[in-house]
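The values are calculated or read from the model by the stated rules, or taken from the named source; none is laboratory data. Only a predicted model underlies this, so the values are computations on that prediction, with no experimental measurement involved. Don't worry about glycine lacking a Cβ; one is built from the backbone with ideal geometry, like all the others, and counts go over all protein chains shown. For accessibility, only protein heavy atoms count, side chains too; no ligands or nucleic acids. Shrake-Rupley method; radii C 1.70, N 1.55, O 1.52, S 1.80 Å.
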Amino acid sequence: MKKLRLLTVSTLLLAGSMATFTSCGGGEEKDEKDKKEEKSSKDNGQALVKQMMDAFDNGDLEMNVSSADDVKKAMDIDSDDDDYISLDKEFKGYDFDANFTMEDGALASVSCNTFYDDDAEEAAEKDSKEVLEYLEGLLGKSESSSDTYFDWTYGDLEISFSIYDDGYSLYIDPASGSDIGSSEEGCVGDFYNLKKDLTDLFLTNVKNGSIELGSTTKSEMAAITGDETGFDKEYDGLRVSGYFSYNGDVLSSITLDYFYDCDGALSLLDMDKEDLTEEINTGLGVTGEKDGDYEDAATEWTINGMSVRQANFSDGYSIYFEK
């Protein structure tokens, strides 16, 4: 969950470089060929990441300012939803999901996730490295020393980038302590009810098999959580933006992004991260394993043929339920 800003593009992170052609015919023929190449070059997740970041760099997207229409125009999204705007694409071997959360009519956060097929680990690793190389070219060296988690701070925005065996995740949020979003010093957040919802709605149902990736349907998710598309809720200075991904009518993954929007809550974040890990241990009935020995290392659990992962950030954490 981090910050972002763009420069003009000098390095394409697309798989395969675009070739430059010299036409012996008229300029119209060359222009048409360039248009076709430009269109085809956007047919992958890396290009969508670049399109989004270009929009921030050009001022077409701005946190706490851009409207739902601005988001849809910048990302070529056709949607009637003005509160939680999603861009879902299926590419060869993987799915790409970008989610734009709106608050009070303005863009509040962005999350991008890729989910690669079981037999596409090499492609997932290759694409993740290309996106990371692109981000480092734009933003410089990461503030994190991890091999799988990278973050940058730029002005009043933050960016985080995580690499997994089955893809990558990119988050764009207001920087902690910035003027964007809520920063009430007195609030500490309702962490108790945040944990309760996580346990009652997700952990318990994963443990008892009521939520099963590759089996649970949209209507069943709606019956459990109240919405077939996701789970969004405020907890007095904390908030969750949840997204459910499907293959047809069958659940394929769950992403729950938790953000700490006020300074008082941020002062308790490190303690909450540890408490949340214990809550997941208890809720699932299995003990998770940390991915490294650094302070904010991710923790992963395996249960009923799926993985549950807690990734930690400077302004919150995310819980992923994946195959």
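Using a 1.4 Å probe on the protein chains only, how many percent of the accessible area of segment 188-311 belongs to carbon and sulfur?
On the way: 2390 of 5300 Å².
In segment 188-311, the share of accessible area belonging to carbon and sulfur is 45 percent.
Just the projected area, averaged over all directions, of the convex hull on the alpha carbon atoms of segment 227-294: how many nm²? Provide the component values of the computation, followed by the final result.
Working: hull surface 25.2 nm².
For segment 227-294, the mean projected area of the Cα convex hull comes to 6.3 nm².
Could you work out how far the C-alpha centroid of segment 90-159 sits from that of segment 274-292, in angstrom?
Answer, in whole Å: 24.
Leaving out ligands and nucleic acids, note down the accessible area per residue over segment 198-323 with a 1.4 angstrom probe, in whole Å². Could you put the intermediate results ahead of the total?
Working: 4980 Å² over 126 residues.
With the other protein chains kept in place, segment 198-323 gives 40 Å² per residue.
What is segment 44-183's relative contact order, in percent, from Cα pairs under 8 angstrom and six or more apart in sequence?
Values: 239 pairs, mean separation 27.2, N = 140.
Once divided by the residue count of segment 44-183, the mean separation gives 19 percent.
Tell me which of LEU87, LEU138, TYR164 sits at the most positive position along the dipole axis of segment 56-182, charges placed on C-beta atoms (Lys, Arg +1; Asp, Glu -1).
LEU138
Could you give the radius of gyration (one decimal) and Dmax (whole number) of the Cα atoms in segment 198-323, in Å?
In order Rg, Dmax, the Cα atoms of segment 198-323 give 14.4, 42 Å.
Could you please state how large a percent of the accessible area of segment 48-167 is carbon and sulfur, counting protein chains only and using a 1.4 Å probe? Don't skip to the end; give the middle numbers.
Numbers: 2190 of 5670 Å².
In segment 48-167, the share of accessible area belonging to carbon and sulfur is 39 percent.
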